[in-house]
Structure formats: structure tokens, C-alpha cells
1. Conditions first: (1) closer than 23 Å to R264 by Cβ; (2) modelled with pLDDT of 95 or more. M151 passes all but one, so which condition is the exception?
2. Scanning for something more than 25 Å from A256 (Cα to Cα), surrounded by 13 or more Cβ atoms within 10 Å (Cβ to Cβ) and touching a residue at least 12 places away in the same chain (Cβ under 8 Å), does segment 91-101 turn up at least one residue?
3. For segment 1-16, which positions are within 15 Å of R47 (Cα to Cα) and either of a type in the set (D, E) or touching a strand residue (DSSP E or B) at 6+ places or on another chain (Cβ under 9 Å) (or both)?
4. Counting only residues that are in contact with a strand residue (DSSP E or B) (Cβ under 9 Å, 6 or more places away or on another chain) and surrounded by fewer than 17 Cβ atoms within 10 Å (Cβ to Cβ), which one in segment 104-147 is nearest to F166 (Cα to Cα)?
5. Within 28 Å of S252 (Cα to Cα) and either surrounded by 14 or more Cβ atoms within 10 Å (Cβ to Cβ) or at pLDDT below 95 (or both): which single residue out of V164, V174 fits that description?
6. Return yes when A32 is at pLDDT 95 or above, under 19 Å from the mean Cα position of the chain (by Cα) and buried (at least 17 other Cβ atoms within 10 Å of the Cβ) and no when it is not.
7. For segment 235-249, which residues satisfy the criterion of being crowded, with 18+ Cβ neighbours inside 10 Å and in contact with a helix residue (DSSP H, G or I) (Cβ under 8 Å, 6 or more places away or on another chain)?
8. When residues of segment 3-29 are filtered for being more than 22 Å from the chain's Cα centre (by Cα), within 17 Å of F83 (Cβ to Cβ) and surrounded by 16 or more Cβ atoms within 10 Å (Cβ to Cβ), how many remain?
Amino acid sequence: VAHVQYMAPGAIPILLLRLLGMRQILTTAHTAADIYPSLKLVHFIQRHCVRAFTCITELAERSFFGSSQLYDENYPLKKRNHFTIYNALPTSLPIAQKRSTVNCPMTIGVVSRLESIKGMDLVVPAFAKVKAAHPEVRLLVVGDGSLRRQMEQQVQAAGIIDSVEFVGSQPQEVLAQYYDRIDILLMPSRSEGFGLTAIEGMARGCVVVAARVGGLPEVVCDGEVGLLHRKEDTEDMAYKIGQLIGSHAELSRIRANALLYVSRFSIERYLALIVNLYSKL
């Protein structure tokens, strides 16, 4: 069995494996179809080269094929297949058993590459709006990237230096301690295939406030396990953050829901599905 990750770099290896006689080939696409100028090669590979073409969200699967199906152990494998298997939490980030308290002061945070595609230029302006109404809140920025200097300048211009902390990039094995410092986790992305940071934050008891883009609405069920805001809209982002700050009961409700919900993304569940899939080949 050959399982090829990522379609763009994986297309040529898939074709070579097929020419060499390999029949049990699977591939996983980690993005939606909108990054491809044409889907002709993708559809050729799915129809003629691989037993299964898996996607990381149903939205991504529909963008490639017009339909979607979540894979489970009872899925009947045909000669050619496409379906969705969600990404999994990293083993270094265990799901918190419980998190009932709010940090003092309440902390808003991001854990991200500091890049435009992640919407990081929107974070400080939104936080400044929130801080005007709630002076006690703080912002924690975990990550690094080309926008760090711009974000620092935004902080200085807004006069909120004492309320913002930049800690730079951190290794995966220590991220849990930073998520634990965050009450409200922002994901204002302009594009997002899945949103692994969202489920990482949920696993540690953060309440996610995310942009309504890409795979995020599928992963962050609005009003149940997080809140969604309009893309690139700092007013709406600040409003959703303010809703949570203004109601600890609502924050606690969403947090409790998310801690239960996120178990579906456990590594144990993911491995069970992959092993089950391999056993059918």
C-alpha cells in the first residue's frame, strides 16, 4: 500500500507508482480545489490511479467532486472512492479533562504563523476595539512571521503595549501551556483548509472565534463549539469576542461543548479509521 500525502507534489509519484504496477494507492489532499487552475489531472488520478482519494473536510471533498461522504468503519470500499477523514490532534496535545476557570485577566490569543493569509494584520485592530470596552483584557501572540513587525507597530500606534505579549514561535511539545493561558482563541484566516489550530485550542479549553472561511465553519460549529465572524471584518470579530467577555456563562457553555466535541478528532479515532481503510485494500 502506498499512501501519498498532498496532491500538488504527490501527482507525479502517484503516476509513477501506477506505471510501475502498484494498485493499492491512496492519496490525501490537504486543501480545497480552489488552489488548482484545473481539476483534470486530479479527476484522472481519482478515476484511474488511486483506490481512495481522501480529503480533510467534506467542504474540500465537495469542491473536488461535487459530493462528500464521511468515512467510517462500515463504508463499503469500491474500486474507486473519494471520502473525508478529518485531521487529528497531535499526540503532544492531550485533551483537557476539564477547564472551568477563566484566566485573570481574561486573555485573547492567537497561535499562528504571522502572515496575511492567516489574517494576522486584523488581530490587533480587533483587540484594540475590544480593549476600549473591556480595559482589563490582554492579548497573547504565539508565533512568528513576516507580519510581526507590522503587528508590533499596530500595538504601539494603538497605545496598548502593556496589554500585548509576543512570545514568538514555540515547539509543538510546549504549545499546551500557551493554549492554557488563552481564554478566547482567534482564527481570522483569509483561507483555511481545515483549521488544526481550532481543534488544538478546543482541546485545551479555549473558545474559538474564527472567520467564516474554508473548512473552519465545518470544524467550528457556530454557537455550539465556537463563534464565527465575517471574513476580514474586525467589527464583527470584536463583537463576537465581546459577547464572550460579557457572559462567562456563555463562554463556559461553549467551552464545555467543545471539550466533548473535540474527541472526534483524537489520534486514536484517526488511526482506527486509517487501519480500517487499509484492511479493506
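1. In the conditions (1) closer than 23 Å to R264 by Cβ; (2) modelled with pLDDT of 95 or more, M151 misses (1) alone.
2. no
3. Correct list: M7, A11, I14.
4. Looking at the filtered set, the residue picked out is D144.
5. Just one listed residue meets the conditions, V164.
6. In short, no.
7. Correct list: M237, A238, I241, L244, I245.
8. The total comes to 3.
The values are calculated or read from the model by the stated rules, or taken from the named source; none is laboratory data. If you're wondering where the values come from, they're calculated on a predicted model, not measured in any experiment. Here Cβ is always computed from backbone atoms with ideal geometry, including for glycine, and neighbour counts include all displayed protein chains.
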